[in-house]
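Here the structure is laid out as structure tokens; the discussion comes afterwards.
FYI, it's all coordinate maths here, none of it is from the lab. Fair warning: this is a prediction, and the values are worked out from it, not measured in the lab. Ideal geometry is used to build each Cβ from the backbone, glycine not excepted, and the neighbour counts take in all protein chains shown.
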Amino acid sequence: MASQYYDNSDGAQRFQPGAIARADEVDAKLDQVAAGFEQAEGDIDRSLKLPASETSQEINATPLQRRRRVVGFDADGNLTLLTGFNWRGDWATATEYFVNDVFRDPATKNIYVTGTRHTSAAALSTDITTGRVELAINVEDVEQLKAETQQIKDDAVSETTAIKNTAVTAANTATTKASEASSSALAASGSASTASTKASEAATSASNAAGSATTASTAANTATTKAGEASTSASNAASSASTANTAAGTATTKAGEASTSASNAASSASTASTAAGTATTKAGEASSSAGAAASSASTATAAANTATTKAGEASTSASNAAATLADFLKRYLGPFEAPPTTDNEGDPLQVGALYYSTVAGDEGMRQWTGTAWENAYATIDGVSWGDISGKPETATRWPAYEEVTDKPLIYTQAEIDTMIGDIGTILDTINGEVV
């Protein structure tokens, strides 16, 4: 048999059957047993004990189930594993704080979590520097995040308004350009009609000139014939010559008229060609204006779509922030003198909801189990040394913490860091969606 109090595992050291037991050897064995009992008694004196009248209590939990939990007493006074934090209100000097105590810095309003049992120093900064407490919620960061969120919302509204105004301006410009294009098209159509009319008049003048030229040619042939007749008839030579001269003059005059008509026809044709070119140019300008109007209308549509998208994004961000804040307020209801029966919006209480009791002498956090409000932490305050029964008669006081050996570690630094990280994750969630 071997234990930390007595070791009898070596068979050579035991009393053998049929052997003579010497008195000094028996005394030595009894001394070893007595020393073991004394050591066990010392360990018992330094341990927490339940009254002998109570039944044995065990905590059946695996290491994973015991992680980040503390041993305490439930509502019936039985040993159990507890979670949660103990709200202590505003920090005060020369005050004893325990692991998982939560308090507020009255100066900065920041929230801190106690990592090591201690009596507070004259200044909170000393406890922070020595690592006794850890910052859980930085109120300045929360306020800054709220301000940034509001600024993002305001910027989104301003940007949406600017985009909307730009879209309206672009649409108005497009309408104006379309009107100008329509006017240009109408003017081009009029110019083309005028050019067509001039071309028709030029064709008519050319036809008249051709007729006049034919008449002149006929008159010239007639003059030639008459001249031949004059030459044949000597008696009528003078008269025929005179007639021929007259006819020739008439023919010359007609030919001049024909030449003038042809020149006029050419000029009219040139004017018609110029008018047709002008009409073509105006039609091109009208087409360009119509294209620019279509492009402006497309730009206005894109700007309007962007404005709609930005407005939707701003609305979604505002909705997410409101939902996150509402969820947080449903879980922590704030300080109350009487236990609340509904949450702050009048809805049924959620399991795990918390509130801080402000009743004098009974301050502390309360947690809703689904049927009743219970303390959100464990405490053994109020148990005096005289209340402990079954203790050794030589024991006169509670052992000091440093006198206890083989005491379990309630939390390691890594576990404390993990808890602080969990709090930070919750805060990031709140900050990211209040946001």
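At full extension, Thr281 and Asp74 could sit 64.9 nm farther apart than now, given 0.36 nm per residue minus the alpha carbon distance. State, to one decimal in nm, how far the label point of Asp422 lies from the label point of Glu313, with both points 7 Å from Cα in the Cβ direction. Output for this residue pair reads 3.6 nm. If you plug the beta carbon distance of Ala12 and Gln32 into 1/(1 + (r/R0)^6) with R0 = 22 Å, you get a FRET efficiency near 0.90.
Across the range 89-102, coupling constants 3J(HN,Hα) worked out from phi with the 6.51/-1.76/1.60 Karplus curve, θ = phi - 60°, read x, 6, 5, 9, 6, 6, 10, 7, 10, 10, 4, 6, 5, 10 Hz, and Gly and Pro carry x.
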